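Written below as C-alpha cells is the structure these notes are about.
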Amino acid sequence: MQTYNYTTFGVGVSDGRDRTTYFPVTAFGKVGEAAASYITKGMQVLVEGRVDIDEKRRMNVIADKVVFGASARRETESETE
C-alpha cells in the first residue's frame, strides 16, 4: 500500500484595492514536505500548479512547484534597522 505525504495551506491574492481572495492549496511529496517546513503566515510564495474542482464545485489548487519569498517578519525586522 502506498502512502501519500501532503500538506495544505491557503494563499491570499490581493486585487490591489481592499479585497483579498484566498485559495486553498494542496502540495504532495517533496513539494509538500518543503512547504510544511518553510511556509509561515505572511510569507510571500509563488505557486505553480493546476486547479482542481471537486463534485461539490469546490476549488483547490494542486501545487506542482512552490517558490518561497520573504516572510513578513523578516521584512519588518529589516525596516526597523
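Every number here is computed from the coordinates shown, using simple stated rules; none is lab data. These figures come from a predicted structure and were not determined experimentally. Glycine also receives a Cβ, built like all others from the backbone with ideal geometry; neighbour counts cover every protein chain displayed.
Odds and ends about this structure:
- When you count the other C-beta atoms within 10 angstrom of each residue and take the mean per peptide, 24-30, 41-47 line up highest first as 24-30, 41-47.
- Share of Cα-Cα pairs in the range 6-80 lying beyond 17 Å, as whole percent: 49 percent
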